[in-house]
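Just below is one structure, and these are the notes that go with it.
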Amino acid sequence: MLTKKHRFQGPAGLTRVYQKGVTVRSQFCAARFTRGKRTEFRVAVVVSKKVAKSAPERNRIRRRVYEIVRLQASGYLTNEDVVITIFDSRLSSIEHSELQEIIIRLLSQIKEN
């Protein structure tokens, strides 16, 4: 799990990212981000009920993505606020290496923009 300083605290930050953010997409998910005045990055992972009906499956997807972000984000993110939105339930069952490629591709697109 990400440390508290790397997570959003309340809905205000998410609203700002949704309103003013830039979106990068992949096949299974999208990341919307803004650059802020903070010195640390913040990340949120959103999995809706449309993606997976059961809470354990949504949580499994969320935990898998958070773990990859925790390990890889320091090389790609500096002061960004990032909201990763998942829109395919296959992320709960694909191989870890394939999921890691998808998330790293998103993070590198954020770094390029």
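The values are calculated or read from the model by the stated rules, or taken from the named source; none is laboratory data. Quantities reported herein were computed from a predicted structural model and do not represent experimental measurements. We place every Cβ from the backbone using ideal geometry, glycine too, and count neighbours over all the protein chains shown. Areas reflect the complete protein model, heavy atoms only, side chains present, ligands, DNA and RNA absent. Shrake-Rupley method; radii C 1.70, N 1.55, O 1.52, S 1.80 Å.
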>> Any residue in the stretch 36-61 that is among the acidic types (Asp, Glu) sitting within a Cβ distance under 9 Å of a residue that is part of a helix (DSSP H, G or I) and open to solvent by 40 Å² or more (accessible area, probe 1.4 Å)? List the pairs, counting only those 6 or more apart or interchain.
In response: Glu40/Lys5; Glu57/Ser89
>> Suppose the filter is touching a Gly at 6+ places or on another chain (Cβ under 7 Å), of a type outside the set (D, E, K, R), in contact (Cβ under 8 Å) with a residue 60 or more places away in the chain and under 19 Å from Ile110 (Cβ atoms); does Phe8 pass it?
In response: no
> Within the bounds of the stretch 71-78, is there any residue that is farther than 16 Å from Thr3 by Cβ and under 11 Å from the mean Cα position of the chain (by Cα)?
Replying inline: no
>> Of everything in the stretch 64-113, what is of a type in the set (Lys, Arg) and free of Cβ contacts under 8 Å to residues at least 40 places away in the same chain? Give them in sequence order.
In response: Arg64, Lys111
> Given the chain, what helices (runs of 4 or more DSSP H) lie entirely inside it while holding 1 or more residues that are crowded, with 16+ Cβ neighbours inside 10 Å and at pLDDT below 90?
Replying inline: 11-20
> Of Gln109, Gln27, Gln100, Gln19, which residue is of a type in the set (S, T, N, Q) and within 17 Å of Met1 (Cα to Cα)?
Replying inline: Gln100
